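What follows is one structure encoded as C-alpha cells, with my remarks underneath.
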Amino acid sequence: MKKLAIALLTLTLVFNLCACGQSSSSAASASSAASTSAASSEAASEAVSSEAASSAASASETAVSADAAATASATTGLYTNLDQAALLEAIGQFKGLCNVSTVNADGTPNIAIFVPGVADDSHIFFNWADNATKANVLREKTAIMSYDIADPTAEEKAGRHSGAVVKLELEEDADVLAQLQESNESVSEASVVLKIVEVLPVG
C-alpha cells in the first residue's frame, strides 16, 4: 500500500508539472500572437500614413506647378511688348488687327473686327454703324480690345507677333467729348469714344 501511495503521489506531481508547462506555453503563444498582431497593425498604420503623406505632397506639387504655369503664361512677354504709347502709335499707322469683344444683352459673348482711330493719348474711337458691338458698348459701357501686329517674316517666333489686350470704358463726359471733337476732325458726335483703362498682356 505504501508503494502504491508513493506511485500515485508521483503521478500526481508529474501531471501537475505537465499542466503548468502547457499553460506557460499557451500564454507564451498568446503573447507572441498579440505582439505580432500589434506589429502588423503598426506597420499598416505607418504604410497608410506614408501613402497619405505622399498623396498630400503630390497634390501640393501639382498645385504649385499649376500656379507656376499660370504665372508663367501671364508673364512670358513674348507677344505683349506694346505699351500704351506704342499701341496708340500702331493704331495711328493702321499696323495691326483689332478685335473688340463685348457682351450681348442675353449674356453671350460677341467679338468683331474693326478699325479704331486715335482720339488722344488716352482715348480711341470707332465710327460704327448700328451693330451689335455698338449696342453692347452703349449699354454695358465697357469693352475689351485685342490688338495684334503680325510679322510672318520674323526669324524668331517671339518676333512674329506683338500686341496687347486693352480694357476700354465708354467716355460719357460731355466736356471731354467736346474737346476731342474740337481737336480731332475725325471724331464726330456720331463717334463712339472709349477711354483706355488698362493695357494688359496677351494670354
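The values are calculated or read from the model by the stated rules, or taken from the named source; none is laboratory data. These numbers come from a predicted model, not from an experiment. Backbone-built Cβ (ideal geometry, glycine too); neighbour counts: all protein chains shown. In case anyone asks, the SASA skips ligands and DNA or RNA and just uses the protein heavy atoms, side chains included. Shrake-Rupley method; radii C 1.70, N 1.55, O 1.52, S 1.80 Å.
For the reader, a short list of remarks on this structure follows.
- Length released on extending from residue 200 to residue 169, taking residue separation times 0.36 nm less the Cα-Cα span: 9.7 nm
- In this simple spin-label model, placing a label point 7 Å from the Cα along the Cα-to-Cβ direction at both residue 101 and residue 182 gives a separation of 3.8 nm.
- Accessible-area composition of the range 102-154, carbon plus sulfur, in percent [1.4 Å probe]: 60 percent
- Computed from the C-beta positions of residue 93 and residue 113 and an R0 of 25 Å, the FRET efficiency is 0.90 to the nearest 0.05.
- Listed pairs 141/195; 167/195; 157/195 exceeding 20 Å between Cα atoms: 157/195
- Chain lengthening between residue 129 and residue 189 when straightened (0.36 nm per residue, less Cα-Cα): 20.3 nm
- Projected area averaged over orientations for the range 79-203, convex hull of C-alpha atoms, nm²: 7.9 nm²
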